[in-house]
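Data first, discussion second: the structure below is written as structure tokens.
The values are calculated or read from the model by the stated rules, or taken from the named source; none is laboratory data. What you see is a predicted model, and the numbers here were worked out from it, not measured in a lab. Cβ placement follows ideal geometry from the backbone for every residue including glycine, while neighbour counts extend to all protein chains displayed.
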Amino acid sequence: MSGQVELLDSARLVKQLASLERRTSRHGRDSVDHAPRQHDDLANVAAGACVLAVAEGRRPRVSQVRFELG
């Protein structure tokens, strides 16, 4: 799988990724975070794994994220 990232088949991870919200501050800076009273632990771990893969020279180029459940 060249240039792609395959994520674990986890309903919790899919829910966390899908519920992330992008916010823009009044200074124009964007941030992505979970909604109030929600969690994003697994989403952070998945993103961190992608960052580590890039740092190790295995540059994944994510052009599309596909979830396959079942």
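For the range 30-70, a tally of residues being assigned to a loop (DSSP other than H, G, I, E, B), within 16 Å of the chain's Cα centre (by Cα) and modelled with pLDDT under 85 returns 10. The set of residues from the range 17-37 being within 21 Å of Val54 (Cβ to Cβ) and surrounded by 11 or more Cβ atoms within 10 Å (Cβ to Cβ) comprises Leu17, Leu20, Val32. All conditions in (1) in contact with a helix residue (DSSP H, G or I) (Cβ under 9 Å, 6 or more places away or on another chain); (2) modelled with pLDDT of 70 or more; (3) not aromatic (Phe, Trp, Tyr) hold for His27, with the sole exception of (1).
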